[in-house]
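Engineer: The structure that follows is given in the form of C-alpha cells.
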C-alpha cells in the first residue's frame, strides 16, 4: 500500500523524536526516509555542537561565577528554617490570631430568656409593694414629710430647716 | 562529562544540612549545563550569567524544600527554566516600555553568536548557514517548544527527564518536540532551496 508524502514525513519525525517502533519499522523498509532522518540528525548534531561551543567559556569565567555565587549566598540572610522552628512560629502566629479574634469579637448580648429568674421575682415583688402602697410613688416624699410631722408632738413646732420651705408655708402650718 | 550529584552529596542535600562549601561542589558540577540551557533560552550571554547565579542562589535558599524525589540536575534545571520564563515576561514588559518611551535600554548586551566548529572556509560557510537555519527555526518556536528542543537535542536529555523538569506528561513532550522538529526541518528545506 502506497503511503502519502506526509505519512513518510511524519514517520521520519516520529523516529527522530520518540523512536516509536512503527516509525523505526517503516524506516527499515524506506531508504529515502532513512536518508532524510540521517540528514536531519546531522543538522541537529551540528547545531548542538555549535551551541555547546558558543556557550563554552574559559576556566576563569566558571571560577568567577562560582565565586560570585558563593559570596552572594554567604552575604544573603539565612532563610533556611528547620521544621521545628517553622512549626513553632506557625503555632505562635496561630495563637496570636486566635487571641486577637477573641478580643475583637463583641460581647455576647444577654437575651430575655437568659436573664436570671431572681430579677423577675424581684420585679414582681416591687410591683406588688407599689400596689399595696396607698400613695403613688411620685408623691412618696410628701407622704414621708406628713408622716414625720404627725410623729412629732402636736404642740411642738416642727423645725423646717429646708430653705425650700417658705415662711408663708410655715405660718400656714402653725 | 557532567554527572548528576554524587551519592555522597545527595543524602546531605536531602537532609538539608549542606554547608556553603559543600554547595560550591554542586555549583561546580552543574553550572555549565545550567548556563548553557539559559543561554539557549534567553539568547543573551550576560543575562544567562546573571540568571545562572540567581538559579543557584534560589536553589540554596530552598534546599529545605528539596526532597530528593528527582535528581539535583532536574531540580536545578526546573529553577533555571522558571527563571528564563520570568525573564521573557520582563523582556516583553521592557519592549512595551521602550515602545512608549518609558525605558532607554541601550541593547548593547552580548548576544549569542555561533562560531563555526569546522575550519575549512567553504564547509564553514555551509555549516554556519545550517546552524543559523536551525537557530532561526528554534527562535520562531514557542518558549515551551524551544525549551524542549534545547533539552532534547543540545542537552541530550531523555523524554521522561524533560517531562519531569517541565512537569508535563511524556506524551505532551513528544507532541511539542514533534512540532519543533517539524519547524526546524521546514526551515532547513527552505534554506536548501535558496
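Engineer: So which residues in segment B:141-157 are free of Cβ contacts under 8 Å to residues at least 40 places away in the same chain, within 13 Å of residue B:77 (Cβ to Cβ) and more than 9 Å from chain A (Cβ to nearest Cβ)?
Structural biologist: Correct list: B:148, B:157.
Engineer: For segment B:141-190, which residues satisfy the criterion of being under 24 Å from residue A:52 (Cβ atoms) and either outside the structural domain of residue B:125 (by TED's automatic domain parsing) or not in a helix (DSSP H, G or I) (or both)?
Structural biologist: Correct list: B:141, B:142, B:154, B:155, B:156, B:157, B:158.
Engineer: Would you pick out the residues in segment A:8-36 that are more than 60 Å from the chain's Cα centre (by Cα) and either crowded, with 20+ Cβ neighbours inside 10 Å or at the interface with chain B (Cβ under 9 Å from one of its Cβ atoms) (or both)? Quick ask: steps written out before the conclusion?
Structural biologist: Taking segment A:8-36 as the starting set, the residues that turn out to be more than 60 Å from the chain's Cα centre (by Cα) are A:8, A:25-36.
Of everything in segment A:8-36, those that are more than 60 Å from the chain's Cα centre (by Cα) and either crowded, with 20+ Cβ neighbours inside 10 Å or at the interface with chain B (Cβ under 9 Å from one of its Cβ atoms) (or both) turn out to be A:26, A:27, A:33, A:36.
Engineer: Still on this model: Does residue B:44 count as touching a strand residue (DSSP E or B) at 6+ places or on another chain (Cβ under 7 Å) and not assigned by TED's automatic domain parsing to the domain that holds residue B:161?
Structural biologist: yes
Engineer: Same structure, new question: Output the residue which, of all residues in segment A:37-51 that are within 7 Å of chain B (Cβ to nearest Cβ) and within 23 Å of residue B:38 (Cβ to Cβ), is surrounded by the most Cβ atoms within 10 Å (Cβ to Cβ). Give the derivation first.
Structural biologist: Here is the first cut: in segment A:37-51, the ones within 7 Å of chain B (Cβ to nearest Cβ) are A:40, A:43-44, A:46-51.
Right, trim to within 23 Å of residue B:38 (Cβ to Cβ) and you get A:44, A:46-51.
Values: A:44: 21, A:46: 19, A:47: 26, A:48: 18, A:49: 16, A:50: 23, A:51: 23.
If we take residues in segment A:37-51 being within 7 Å of chain B (Cβ to nearest Cβ) and within 23 Å of residue B:38 (Cβ to Cβ), then A:47 is surrounded by the most Cβ atoms within 10 Å (Cβ to Cβ).
Engineer: Which condition number does residue A:45 fail, the rest of (1) outside the structural domain of residue A:27 (by TED's automatic domain parsing); (2) at pLDDT 85 or above being met?
Structural biologist: So residue A:45 meets the others, but not (1).
Engineer: Among B:93, B:84, B:80, which is exposed (fewer than 13 other Cβ atoms within 10 Å of the Cβ), within 23 Å of residue B:54 (Cα to Cα) and modelled with pLDDT of 65 or more? Write out each step before concluding.
Structural biologist: On the way: B:84 fails: exposed (fewer than 13 other Cβ atoms within 10 Å of the Cβ); B:80 fails: exposed (fewer than 13 other Cβ atoms within 10 Å of the Cβ).
Of B:93, B:84, B:80, the one residue that is exposed (fewer than 13 other Cβ atoms within 10 Å of the Cβ), within 23 Å of residue B:54 (Cα to Cα) and modelled with pLDDT of 65 or more is B:93.
The values are calculated or read from the model by the stated rules, or taken from the named source; none is laboratory data. Values in this document were obtained by computation on a predicted structure and should not be read as measured data. Reconstructed Cβ throughout: ideal geometry from the backbone, glycine too, with neighbour counts over all protein chains shown.
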